[in-house]
1. What is the spread of the Cα atoms of the chain along each of their three principal axes, largest first, in whole Å?
2. Which three semi-axes in whole Å describe the equivalent ellipsoid of region 104-143, each the square root of 5 times a Cα gyration tensor eigenvalue, listed largest first?
3. Let me know the charge dipole size of the chain about its Cα centre in debye, to the nearest 20, where only the beta-carbon of Lys, Arg (+1) and Asp, Glu (-1) is charged.
4. Just order 158-167, 230-239 by mean Cβ neighbour count inside 10 Å, highest at the front, would you?
5. Set the Förster distance to 22 Å, then compute FRET efficiency between residue 98 and residue 231 from the Cβ-Cβ distance, nearest 0.05.
6. For region 12-66, compute Rg over Rh where Rg is the Cα radius of gyration and Rh is the Kirkwood radius from the inverse mean 1/r over Cα pairs.
7. I need the calculated FRET efficiency for the pair residue 122 and residue 29, taking r as the beta carbon distance and R₀ as 51 Å, to the nearest 0.05.
8. Got a sec? Charge dipole of the chain, +1 on Cβ for Lys and Arg, -1 for Asp and Glu; which of 129, 27, 234 is way out at the positive end?
Amino acid sequence: MTTVAISYRRPLMPRIATTLGTYALAVLVAVWLIGPFLWLFITSISYQRDLLAMPTPLIPVNPTLENYGKILGLTEFHYADQARLVISSLSNSFIVAAAVTAINVVFGGAAGYAYARHRSRAMSVTLYLVLFTRMLPVVVLIPALFLMFRQVGLQNSLVGLAIAYCSFTFPFTIWIMKSYFETIPRELEESGLVDGCTRFQVFTKLIVPISGPGFVAAGAFTFVLSWNEFLVAQVLNSKRSVTTLPPAIAGMLGQANIDYAIIAASGFISALPAAVLALVFQRYMVQGLTAGSVKS
């Protein structure tokens, strides 16, 4: 008896419709996500008179880089001092965000490893207490932070701002690293202990080198959270010399004549580092964030 294999192929038209629908949905999502960033750039290379025209042109009539020149101090205008503050606050934001990221990666990674490998009732309780602190709105912590930092002399300082940022970024880092370390087989550590390594050597020489995606994910998200933070920086650092980028940009809204093009140029400069960071490390960020979501 001969067995005849019957293959089933979907009709051509439904397959084409499904493919076109998938691509159309992908385009809509891309436009939805990229649209605000693109409009920010278009606004930043436009003149104020074009932005106030009705209807507002979607494509700049006379593209210009003059707004960026004003921020860099190459062109004088009515509130040049506030615009030039963007450059100094940019360096302050980078210093604070880099310091907070480094502290979180080192100490948050070590704490995440401890929570992933040592199971006890006390560890479980403290782990969920750490998570509870992340659930609190940041605005609730600001009065206490302000009073404490003023008492110890850390108000209006980049050190105090970095400490404040660590208070609400540490829980995020600990939980990311804990989830990632739980995906690493314990047998790898046991083999290192059998070979004579201490627990610290196992962590630094065996676990850390293969935990790159987890550290990149935690570091990238910590950097972005610190870079974009506004409320804590606005309250704790009132001096112009130690202000960060978000409060500096928000300060432009207090002028009698609001220059939307300058604000857009400042916002584009502010968004660029975080966007580049996400594009460069996106593969590692996804891998680090999804680690532990599927158990074999």
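The numbers here are math on the coordinates, done by the rules we state, and not lab data. If you're wondering where the values come from, they're calculated on a predicted model, not measured in any experiment. Counting neighbours? That spans all protein chains shown, and the Cβs are built from the backbone with ideal geometry, glycine included.
1. The Cα atoms of the chain stretch 81, 73, 32 Å along the principal axes, largest first.
2. Values: eigenvalues 105, 40, 6 Å².
They are 23, 14, 6 Å, listed from largest to smallest.
3. On the way: 19 positive and 11 negative charges, 153 e Å.
For the chain, the charge dipole is close to 740 debye.
4. Details: 158-167: 21.0, 230-239: 17.7.
Averaged packing, sorted descending, gives the order 158-167, 230-239.
5. Values: r = 21 Å, r/R0 = 0.93.
That gives a FRET efficiency of 0.60.
6. Details: Rg = 17.2 Å, Rh = 13.5 Å.
Ratio value, two decimals: 1.27.
7. Numbers: r = 45 Å, r/R0 = 0.88.
Plugging the Cβ-Cβ distance into 1/(1 + (r/R0)^6) gives 0.70.
8. Looking along the dipole axis, the top candidate is 129.
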